[in-house]
Amino acid sequence: MAKRGGFPGGMPGNMNNLMKQAQRMQRQMEENQKELETKEFTAKAGGGAVEVTVTGKKEVTKVKLSEEVVDPEDIEMLEDLVMAAANEALRMAEEAGAEVMSKMTGGLGLGGGLPF
């Protein structure tokens, strides 16, 4: 007759191994996150007239404008170009973060729901 509430065959040892693996994975994820936060992502809009750089923390660190794009008569276009470049740089940072997470989880789908 099986024991109630127990795991026959040495399961506690396997549980310790799982805990060690989880802790190792957590350390690796923290290291990867720190590394990602130091990276910069730059995107351009308007044929390179506007350039925006963001960090992996999703903070804008640089906005570069070409002289020819600064038209006092068309501020709206400049605003749109800055927004487009910023959004693209942020998308690049987000994509890099998702790629790191995917590598860490081995495609288990832990970030966005379970695969079953």
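For 94, 51, what's the fewest-to-most ordering of other Cβ within 10 Å of each Cβ? Walk me through the numbers on the way to the answer.
Values: 94 14, 51 19.
Going from sparsest to densest Cβ surroundings: 94, 51.
List the relative contact order of the stretch 36-106 as a percent without decimals, with contacts defined as Cα pairs under 8 Å and 6+ residues apart.
Relative CO of the stretch 36-106 lands at 33 percent.
If we count every other residue with Cβ under 9 angstrom of residue 52's Cβ, Lys/Arg +1 and Asp/Glu -1, where does the sum land?
+1
Give 20/57; 64/103; 58/103; 20/103 a once-over and call out the pairs whose C-alpha atoms are over 26 Å from each other.
20/57; 64/103
Each reported figure results from applying straightforward, stated rules to the coordinates on display, with no laboratory input. Since the structure is predicted, the reported quantities are computational estimates derived from the model, not experimental observations. Here Cβ is always computed from backbone atoms with ideal geometry, including for glycine, and neighbour counts include all displayed protein chains.
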